[in-house]
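The values are calculated or read from the model by the stated rules, or taken from the named source; none is laboratory data. None of the values given here were measured: they were computed from a predicted structure. Note that each Cβ is placed from the backbone with ideal geometry, even for glycine, and that neighbours are counted across all protein chains shown. Just so you know, the surface numbers come from the protein's heavy atoms only, side chains and all, with ligands and any DNA or RNA stripped out. Shrake-Rupley method; radii C 1.70, N 1.55, O 1.52, S 1.80 Å.
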Amino acid sequence: MKVKVIPVLEDNYMYLVIEEITREAVAVDVAVPKRLLEIVGREGVSLTAVLTTHHHWDHARGNPELARLRPGLAVLGADERIFSLTRRLAHGEELRFGAIHVRCLLTPGHTSGHMSYFLWEDDCPDPPALFSGDALSVAGCGSCLEGSAQQMYQSLAELGTLPPETKVFCGHEHTLSNLEFAQKVEPCNDHVRAKLSWAKKRDEDDVPTVPSTLGEERLYNPFLRVAEESVRKFTGKAVPADVLEALYKERARFEQAGEPRQPQARALLALQWGLLSAAPQE
């Protein structure tokens, strides 16, 4: 199984997941369909389905054109508002693409119908993958637009039950600003400091910071660390959902106080399982 990480728009990611034996491919969050199809052609794979995490324009805008260009393509998701949806998925439903298993995990909060996708292969030494859209990002979490902090806490708790080696492929390149906020929350966290230094180097080299792993996220992502005393002290709250809600408010203030940052990650990368980085490819 191979994942191609495709930066699009201002700071979005779409993905192409390739089953390397059958050469079957599945796309995630298609925003620029013609660019996706160029890569599909270059890789010589058969695109059979699109997995959409949520209905927002920057994650689903390419579905209608892609469906027009590829008649019969399955467009899957959990929200009826998703463009060109052919079938609505349910929480816990499992799909199969060649040797690749997909478990559909409803993760409401950012939107009411947000779905994350957990992918793995049986008897494979490579780690599984999570396509988390805007539910979880590297060192951060999407804004809570259509749900409560309690819902988002439950969604993150659901993702937190996945294996720590799971690769996290999120919907946006917000890593640098996320880590700067994480450092404000936990200034003495050495994991935050090290990851921030790494992310700054990635930014200078203009390459993506995805994927991370769930195990790493638990060390430096404040939105996954709501039970930690240092995070609770920063927010002045004790109940996990209240801590999360306070983090959202503080993050909003942090963003308002900061300067706009140039979007990073304009390179197109092909990432194999087990790799945290790769060289840009033409």
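How many residues does the range 48-63 hold that are polar (S, T, N, Q) and over 13 Å from the mean Cα position of the chain (by Cα)?
2
Looking only at the range 112-157, which residues are over 15 Å from residue 251 (Cβ atoms) and in a strand (DSSP E or B)?
115, 116, 117, 118, 119, 120, 121, 129, 130, 131, 132, 133
Condition (residue is over 25 Å from residue 52 (Cβ atoms), of a type outside the set (Asp, Glu) and open to solvent by 20 Å² or more (accessible area, probe 1.4 Å)) applied to the range 135-146: is it met by at least one residue?
no
For (1) crowded, with 21+ Cβ neighbours inside 10 Å; (2) among the acidic types (Asp, Glu); (3) at pLDDT 95 or above, each residue gets a yes or a no:
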{"site": "211", "(1), (2), (3)": "yes, no, yes"}
{"site": "224", "(1), (2), (3)": "yes, no, yes"}
{"site": "232", "(1), (2), (3)": "no, no, yes"}
{"site": "269", "(1), (2), (3)": "no, no, no"}
{"site": "274", "(1), (2), (3)": "no, no, no"}
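Kindly indicate which of 197, 84 is over 24 Å from residue 47 (Cα atoms) and surrounded by fewer than 22 Cβ atoms within 10 Å (Cβ to Cβ).
Matching residue, one of 197, 84: 197.
Just to verify a result, which residue in the range 48-75, among those that are open to solvent by 50 Å² or more (accessible area, probe 1.4 Å) and not acidic (Asp, Glu), is farthest from residue 19 (Cα to Cα)?
57
Yes or no: residue 234 farther than 16 Å from residue 137 by Cβ and of a type in the set (Phe, Trp, Tyr)?
Yes: the conditions hold for residue 234.
Take residue 257 and decide whether it is on the phi < 0 side of the Ramachandran plot, touching a Pro at 6+ places or on another chain (Cβ under 9 Å) and open to solvent by 50 Å² or more (accessible area, probe 1.4 Å).
Here the answer is no, as residue 257 does not meet what is asked.
If you check residue 180 against the conditions, is it touching a helix residue (DSSP H, G or I) at 6+ places or on another chain (Cβ under 8 Å), assigned to a loop (DSSP other than H, G, I, E, B) and charged (D, E, K, R)?
Against the criterion (touching a helix residue (DSSP H, G or I) at 6+ places or on another chain (Cβ under 8 Å), assigned to a loop (DSSP other than H, G, I, E, B) and charged (D, E, K, R)), residue 180 does not qualify.
In the range 152-161, how many are surrounded by 18 or more Cβ atoms within 10 Å (Cβ to Cβ) and either in contact with a strand residue (DSSP E or B) (Cβ under 7 Å, 6 or more places away or on another chain) or on the phi > 0 side of the Ramachandran plot (or both)?
Qualifying residue count for the region: 1.
Does residue 149 meet the test of being crowded, with 24+ Cβ neighbours inside 10 Å, aliphatic (A, V, I, L, M) and on the phi < 0 side of the Ramachandran plot?
No.
Going residue by residue through the range 115-123, is there one that turns out to be modelled with pLDDT of 95 or more, open to solvent by less than 30 Å² (accessible area, probe 1.4 Å) and touching a helix residue (DSSP H, G or I) at 6+ places or on another chain (Cβ under 8 Å)?
The answer is yes; a qualifying residue exists.
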